[in-house]
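First comes the structure, then the notes that go with it.
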Amino acid sequence: MGRMGLKRILGLAIGPSEYAPKPSVIGAVEQSASGNTVLRIGKATVTDGDHPSWTQTEYVVMNPEERDELIASLESQREYKTIKVGDTVGSGSIVLAVQYVNGAGGGEWRIGTVLSWDDYKREYIVHTADPYGELSNGNYSTDSQRALNAFVARLNDHLFCHFNVTPPHITYAHVAERDRLKGDQA
């Protein structure tokens with residue numbers, strides 16, 4: 001099993017109490033050979049000082065779907081709202097594609113690019129989403145190729161939105177046969 005980088009024992013931030021002198025903690029997060037996530041859970045044995053310690057008492061195994069659900073639940077406690085494919089946004093359009101990027105370089109601010117389809121108006125919409133699921137800056141088009149181009153261009157802009165970096169220009173020029181991906185090379 002591979003260990004994932006926990007910087008410290010989780011669950012000690014509040015510390016021991018009269019009712020729980022040795023609080024329950026998550027001591028390690030690992031990944032099994034089959035791709036499942038393993039949370040190693042136990043009791044704190046030393047809670048103060050620079051070197052807290054713990055003893056494992058049990059573990060929780062989650063498949064990738066459960067892990068993603070846990071992550072989404074934890075993010076919702078930070079008041080983030082992650083928009084997902086299939087969600088309904090705006091005035092009733094269905095999300096077809098979404099991509100989040102870190103907009104500030106430090107993890108504290110995420111920018112989303114959302115491509116959705118409004119079945120009533122019969123048009124595609126490309127939005128920018130903030131970390132709380134609020135949408136702005138819609139581009140509208142009935143042409144699927146123009147909508148995809150707008151989605152990619154906006155995502156590109158979001159990837160290069162800090163440090164005064166100019167994003168590379170997207171071109172759709174002819175690709176030489178030698179540069180095309182073949183079958184299993186894609």
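Table: residues versus (1) aromatic (Phe, Trp, Tyr); (2) within 15 Å of Val95 (Cβ to Cβ).
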{"residue": "Asp119", "(1), (2)": "no, yes"}
{"residue": "Glu123", "(1), (2)": "no, yes"}
{"residue": "Thr128", "(1), (2)": "no, yes"}
{"residue": "Gly138", "(1), (2)": "no, yes"}
{"residue": "Arg146", "(1), (2)": "no, no"}
{"residue": "Phe151", "(1), (2)": "yes, yes"}
{"residue": "Asp157", "(1), (2)": "no, no"}
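Give region 1-35 a look and list any residue that's at pLDDT below 85 and under 14 Å from Glu58 (Cα atoms), or say none. Selection gives nothing. The criterion of at least 2 residues that are modelled with pLDDT of 90 or more and not assigned by TED's automatic domain parsing to the domain that holds Asp157 is met by the following strands (runs of 3 or more DSSP E) wholly inside region 36-140: 37-46, 53-62. Of the residues making up region 34-49, one or more are of a type outside the set (Val, Ile, Thr), exposed (fewer than 12 other Cβ atoms within 10 Å of the Cβ) and in contact with a helix residue (DSSP H, G or I) (Cβ under 9 Å, 6 or more places away or on another chain). A search for C-beta distances below 6 Å between a residue of region 66-90 that is among the basic types (Lys, Arg) and any residue that is surrounded by fewer than 12 Cβ atoms within 10 Å (Cβ to Cβ), counting only pairs 6+ apart in sequence or on different chains, returns Lys81/Tyr132. Name the single residue, out of those in region 4-33 being touching a Pro at 6+ places or on another chain (Cβ under 7 Å) and not aliphatic (A, V, I, L, M), that is surrounded by the most Cβ atoms within 10 Å (Cβ to Cβ). Here the residue is Gly11.
If the condition is being under 13 Å from Thr37 (Cβ atoms) and not aromatic (Phe, Trp, Tyr), then region 59-73 contributes Val60, Val61, Met62, Asn63, Pro64, Glu65, Glu66, Arg67, Asp68, Glu69, Leu70, Ile71.
The values are calculated or read from the model by the stated rules, or taken from the named source; none is laboratory data. Please read all numbers here as calculations on a predicted model, not as lab measurements. A quick note on method: Cβ atoms are made from the backbone with ideal geometry, for glycine too, and the neighbour counts reach across all protein chains shown.
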